[in-house]
1. Of the numbered conditions (1) over 24 Å from I538 (Cβ atoms); (2) open to solvent by 80 Å² or more (accessible area, probe 1.4 Å); (3) assigned to a helix (DSSP H, G or I), T597 satisfies every one except a single condition; which is it?
2. Tell me, which strands (runs of 3 or more DSSP E) wholly within the range 200-254 include 2 or more residues that are under 30 Å from R525 (Cβ atoms) and among the small types (G, A, S)?
3. In the range 350-370, is there at least one residue being open to solvent by 80 Å² or more (accessible area, probe 1.4 Å) and touching a Leu at 6+ places or on another chain (Cβ under 9 Å)?
4. Considering only residues that are at positive phi and of a type outside the set (D, E, K, R), look in the range 22-54 and name the one that is modelled with the lowest pLDDT.
5. Out of the residues in the range 139-155 that are over 27 Å from E109 (Cα atoms), assigned to a loop (DSSP other than H, G, I, E, B) and among the polar types (S, T, N, Q), state the one that is least open to solvent (accessible area, probe 1.4 Å).
6. Using beta carbons and a limit of 9 Å, which pairs, at least six apart or on different chains, have the first residue in the range 723-745 and in contact (Cβ under 8 Å) with a residue 24 or more places away in the chain and within 19 Å of A523 (Cα to Cα) and the second one basic (K, R) and part of a helix (DSSP H, G or I)?
7. Could you grab me the full set of residues in the range 156-166 that are touching a Leu at 6+ places or on another chain (Cβ under 9 Å) and open to solvent by 20 Å² or more (accessible area, probe 1.4 Å)?
8. Kindly list the number of the only condition in (1) more than 19 Å from I546 (Cβ to Cβ); (2) at pLDDT 95 or above; (3) not in a helix (DSSP H, G or I); (4) not acidic (D, E) that fails for Y659.
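The values are calculated or read from the model by the stated rules, or taken from the named source; none is laboratory data. As the structure is a prediction and not an experimental result, all values here were calculated from the model. Because the Cβ atoms are built from the backbone with ideal geometry, glycine has one as well, and the counts that use them run over all protein chains shown. For the accessible areas, the whole protein counts, side chains as well, though only heavy atoms, and no ligand, DNA or RNA atoms are used. Shrake-Rupley method; radii C 1.70, N 1.55, O 1.52, S 1.80 Å.
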Amino acid sequence: MIIQFYLRFYTTVGQELLLSGLPDNQPPIPMTWFNNQYWFTQLELEEEKLDGFSYHYQLKDSDGKITNEWGRDRQLQTGLRHFSEIQVVDTWNHAGSFENAFYTAPFQETLLAPAGKKKLKLPKEFSHIFRVKAPLLKKNEVVCLTGAGTTLGDWATEKALHLQTEGNWWTLALELPKEDFPLQYKYGIYNTKTKSFVQFETGENRQLFGDAGLHLTIVHDGFLQVANTSWKGAGVAIPVFSLRSKNSWGIGEFTDLEELTNWARSVDMKLIQLLPVNDTSATHTWVDSYPYAAISAFALHPIFINLDAVAGKKFAATLKPYKAQQKYLNELPSVDYEAVLQLKLELLKQLFDLQKESWQQDKDYLDFFTRNQDWLVPYAAFCYLRDENGSADFTGWATHSRYNKTAIDALTAPDHDAYPKISFHYFLQYQLHTQLKKATEYAHKNGIIVKGDIPIGIYRYSCDAWVAPELYNMDQQAGAPPDDFAIKGQNWGFPTYNWQQMQKDGFAWWKRRFAQMSDYFDAFRIDHILGFFRIWSIPYQSTEGIMGRFVPAIAVHKNEFQERGIWFDHIRYTYPYITEQELQQRFGELADFVKETFLEPTGYGQYFFQPKFDTQRKIEQWFTEAEVRDTNNWLRQGLYDLHSNRILFEEEGSNGTSYHFRFGMEQTSSFQTLEWDTQQKLKDLYINYFFRRQDNYWMEEAMQKLPALKASTNMLICGEDLGMVPACVPEVMNQLGILSLEIQRMPKNPDREFFHPDDAPYLSVVTPSTHDMSTIRGWWEEDRAKTQRFFNKELGQWGEAPVFCEAWINKQIIIQHLHSPAMWSIFQLQDLLGGDEQLRRPDPADERINVPANPKHYWRYRMHLPLEQLIKEKTFNQDLKEHIKASGRA
């Protein structure tokens, strides 16, 4: 059988198209330019391989870069073998087309779930099959086809032909006579209940050239050209640990998600957004409350387990003596992380001992183990070794400090003495899996999707780093450059990704991560998506984010300074600039102590750090070991500031030829003491370095990773694209159909003080605040002058702004976001409650979840009223429901 492929696509010089997805894993075959509208290729296919044959197209640029079109749903159905020749006329499916979002898992399986997919019935005689996608039809609406010629009714809408659903497509097979060609036609919408034509699609008439003959023509016409930006949803964002129910044990639990679902459904919300839920148990102290420092990218956190569900009726008596302790912990205003975790682990070990004869024989457990053993076995071994050594820092373990699969297989064997302790972690993960799976399935049954969160990094002393250290740059730390929220930048402590190594196996680790997430979540937020373009990388010997730089980045070559008339002094620009005047200004009466203890003179009133203090990490270590009284870390911070008082960082391994600018160079005294002309020339080069030369390079970096990762999952992907956003980021996200994040107080346009929700793109999430910032009420009190401008300009109010954010103001901001054109409006629960004087928390400072400027922040926020009470707040819930409905998000 001969199949001819015609693809509608306009290329530029140097581009070519390929047909991919061929049987027997054949490589893609090149297509040839047919005319300005089409590319063509031909394939001979054995008849038995025709049924179910699925294919797609690739675009190859002149530089060899491959771009795949989106989707894998073009399929040649059964019943076509009697044709000796098939012509396929296709339309390229651009990944950035917003209609593609409606074919992701949350829409196809929950939000737009069809009643059932019927098998297409082909007529006895047909010459053409037309297919088109229409994801947002209303109830009783079908796609219809009309056009020129008697078969298509000569444009008479009452004679329009109805299409049938077939997978993702609306399909029609019919016999067309030769005299109808070239054919002009259009799709439309027909209401089967009222038996009336609703509308034609917009745009020019579609055209099909050729004629009818012995061959069959299959036309894939892309999307129905109607307004497809009408679907909008609202959601609530809250970490699992912040939930409160009458039955939880001092912290939010996976089982509490069912009560949250009940409330969300009652107010017509369609989405629940969570923070990461992975295990962070590195130290078993409150420091582990940081949800982005997981010891496994796959394992769930035992602290979220519900003990009653594990015990069941059979072992409920085991928990009875601890009910008073449960009540005490559950009534605390915030989470006591250490007490909760200690109690839960103690009781879980008791329940494990009681059940270990039965649970390992459970068929569901055996299936779970088989599907997850690749990460589960190393994780359980890691937890066992962590506890045996009293530390997650595997570099200091007495044995197994380097992962060896053979040795770990022996350690985890059922006949090993360690197996009872190791299998305890299998037991925990299975129970957690069961509880989270049940909770998310309950949400789906109630028409609500669950959105997860993928951290940009992994914990330095995690199972992932232990098993495959080659995937990470262990001598580097990920973070963020300085901004208004963290003037010294942020150092998250995570090793950065070794993308070159990850790419060698097609990003297998990421794909496994996505696959495991899809067991529970319908959508996910990529934390700091900018890290896929470039990451703020800080050498391990530094402690502050200000000491980092973007990696990868095109460095400034030494010759560029000379070309711009800048006298280059390696030591002056790259070493900490320490003078007598600097020391007196910073340390006052302690200046002599600093000089004697930490520095050595170089002459001319200047100093270097002594070798034993020549990094921030060495200074940190000295303060840890020395018994020095340092009120508020004043002395330590002054020494850190001396280290960061420089203009350039030399690129390691460049032999003094390549350099990177220190972020915020102009704020350093090293820069400020230079002569004016040198300052201006350095400024120009600094602007070139940060804002001009990198953009195309960073775009190429992202396009090497994100398309492959996006293609590996059918979850809806949202990017957290905040901070210092390169100009290429919106373009890449648009090309790939990744939703952006838009926040009113963080405009991406530098010429605007605030972002207005009305200006949001459709493929975006709008929100007034996130877990990394103050809530609406808290922000209102931070900057009086800014609040006043917001009150007058963004809210359109006259006069003086109230000192505190009154409930009506809070509510107006919520309503403003609900009426945004964005696909999703998502709100922290605290912000929603802030619109009600009776339900809001007394002090807005108590509503905040995280303070990014504080790397030791204790993540312990918990909602102040139980979910059972929130569901009963009829006045509040009815008011919120009406506003959601009025905004078109119900």
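1. Exception for T597: condition (2).
2. Working: elements: 206-208, 216-223, 233-237.
Those strands (runs of 3 or more DSSP E) span 233-237.
3. No; the residues of the range 350-370 include none that is open to solvent by 80 Å² or more (accessible area, probe 1.4 Å) and touching a Leu at 6+ places or on another chain (Cβ under 9 Å).
4. Here is the first cut: in the range 22-54, the ones at positive phi are 24-25, 52.
Narrowing further to those that are of a type outside the set (D, E, K, R): 25, 52.
Working: N25: 85, G52: 73.
Here the residue is G52.
5. From the range 139-155, those over 27 Å from E109 (Cα atoms) are 145-155; that's our starting set.
Add one more test, that the residue is assigned to a loop (DSSP other than H, G, I, E, B), and what stays is 148-152.
With among the polar types (S, T, N, Q) added as a condition, the list becomes 150-151.
Values: T150: 110, T151: 42 Å².
Taking the candidates together, the pick is T151.
6. L736/K710; G737/K710; I738/K710
7. As a first pass, look at the range 156-166 and keep what is touching a Leu at 6+ places or on another chain (Cβ under 9 Å): 159-166.
Hits for the range 156-166 are K159, L161, H162, Q164, T165, E166.
8. Of the numbered conditions (1) more than 19 Å from I546 (Cβ to Cβ); (2) at pLDDT 95 or above; (3) not in a helix (DSSP H, G or I); (4) not acidic (D, E), the odd one out for Y659 is (1).
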